[in-house]
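Colleague: Take a look at this one; I'll ask things after.
The values are calculated or read from the model by the stated rules, or taken from the named source; none is laboratory data. Owing to the predicted nature of the structure, the values given are computational and were not obtained by experimental measurement. Cβ placement follows ideal geometry from the backbone for every residue including glycine, while neighbour counts extend to all protein chains displayed.
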């Protein structure tokens, strides 16, 4: 596979493809193997991307970084998928994280920029996969856990969520049997208990949340703002009210109440 073939497969915006091609035509650097190895190792992700950024220099829209990481996705990740027998459909769905993040940024800021070099190593190192509606990250830390992530374009109808979980359990059994007993967890603003009162018990977000047992809530975390109110960092009357969720959360926050992030573990088996 070539970079251009991957761009087409991922349905990257034409403007992004042009910028990537411009960089490719002018590219003069060679990335040391050690830097690539850092990017592909969970404990060294931050080091690797920092080393790469130092090599690339000025990169205001992140397109140099994007090209280099996609190059790893072509020359390493794709080969690993083929070698392990993981389907190309899963490869494409997983790597489309890039397309989604670019389009989400453009929707808010009206320009394309890649700023997820801190996250994309999960996909290219085969630590995270998208199966149906959801993404699943195999987290090797002090204790193993499987992080369930909710893409911005996820279909959260209960049938779609259950189908995704079933697909993941089958995937795990086939490709990662040593992870079969590992707990699935979700850490998100969507886990906040207050959402049932704010959105109602029949909300798709609340129905998703009910699949999990909440383990802890962090009312000091504020990174939920970027997901609920893209482009907004502080609570004030100027927060948008384009969706029912925004309207309810805005009123809740302006009333002086605290929101945050919660984490829970999956309490069902499918």
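Colleague: Count, please, the residues in the stretch 187-206 that happen to be under 16 Å from residue 155 (Cα atoms) and surrounded by fewer than 16 Cβ atoms within 10 Å (Cβ to Cβ).
Modeller: 1
Colleague: Follow-up. Hey, can you tell me all the residues within the stretch 55-86 that are outside any helix (DSSP H, G or I) and either in contact with a strand residue (DSSP E or B) (Cβ under 7 Å, 6 or more places away or on another chain) or under 15 Å from residue 124 (Cα atoms) (or both)?
Modeller: If the condition is that a residue be outside any helix (DSSP H, G or I) and either in contact with a strand residue (DSSP E or B) (Cβ under 7 Å, 6 or more places away or on another chain) or under 15 Å from residue 124 (Cα atoms) (or both), then 86 is the only one that fits.
Colleague: Further question: Give me a count of the residues in the stretch 106-141 that are touching a helix residue (DSSP H, G or I) at 6+ places or on another chain (Cβ under 7 Å) and part of a helix (DSSP H, G or I).
Modeller: Residues flagged as touching a helix residue (DSSP H, G or I) at 6+ places or on another chain (Cβ under 7 Å) and part of a helix (DSSP H, G or I) within the stretch 106-141 amount to 3.
Colleague: Give the residue that is surrounded by the most Cβ atoms within 10 Å (Cβ to Cβ), with candidates limited to residues of the stretch 228-265 that are in contact (Cβ under 8 Å) with a residue 60 or more places away in the chain, in contact with a helix residue (DSSP H, G or I) (Cβ under 8 Å, 6 or more places away or on another chain) and closer than 30 Å to residue 166 by Cα.
Modeller: Once the filter is applied, the top-ranked residue is 262.
Colleague: Could you check the stretch 55-65 and list, in sequence order, the residues that are within 20 Å of the chain's Cα centre (by Cα) and surrounded by fewer than 18 Cβ atoms within 10 Å (Cβ to Cβ)?
Modeller: Across the stretch 55-65, the qualifying residue is only 61.
Colleague: Further, regarding this structure: Exactly one of (1) under 23 Å from residue 227 (Cβ atoms); (2) loosely packed, with under 13 Cβ neighbours inside 10 Å is unmet by residue 159. Its number?
Modeller: Evaluating residue 159 over (1) under 23 Å from residue 227 (Cβ atoms); (2) loosely packed, with under 13 Cβ neighbours inside 10 Å leaves (1) as the failure.
Colleague: Looking at the stretch 99-115, which of its residues are closer than 22 Å to residue 38 by Cα and surrounded by fewer than 21 Cβ atoms within 10 Å (Cβ to Cβ)?
Modeller: Listed by number, the list holds a single entry, 115.
Results for (1) assigned to a loop (DSSP other than H, G, I, E, B); (2) under 25 Å from the mean Cα position of the chain (by Cα); (3) touching a residue at least 12 places away in the same chain (Cβ under 8 Å); (4) not assigned by TED's automatic domain parsing to the domain that holds residue 99, shown as yes or no for each residue.
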residue	(1), (2), (3), (4)
6	no, yes, yes, no
12	yes, yes, yes, no
18	no, yes, no, no
43	no, yes, no, no
47	no, yes, no, no
50	no, yes, no, no
53	no, yes, yes, no
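Colleague: Can you pull out the residues in the stretch 20-38 that are part of a helix (DSSP H, G or I) and over 22 Å from the mean Cα position of the chain (by Cα)?
Modeller: 21, 22, 23, 24, 25, 26, 33, 34, 35
Colleague: Based on this model, can you work out whether residue 33 counts as surrounded by fewer than 15 Cβ atoms within 10 Å (Cβ to Cβ) and out of contact with any helix residue (DSSP H, G or I) (no Cβ under 6 Å at 6 or more places or on another chain)?
Modeller: Here the answer is yes, as residue 33 does meet what is asked.
Colleague: Sticking with this structure for a sec: Of all the residues that make up the stretch 154-185, how many are over 21 Å from residue 263 (Cα atoms) and either modelled with pLDDT under 95 or assigned to a helix (DSSP H, G or I) (or both)?
Modeller: Number satisfying all stated conditions: 13.
Colleague: Return the total of residues in the stretch 69-98 being touching a residue at least 12 places away in the same chain (Cβ under 8 Å) and under 22 Å from residue 27 (Cβ atoms).
Modeller: Counting residues in the stretch 69-98 that are touching a residue at least 12 places away in the same chain (Cβ under 8 Å) and under 22 Å from residue 27 (Cβ atoms) gives 11.
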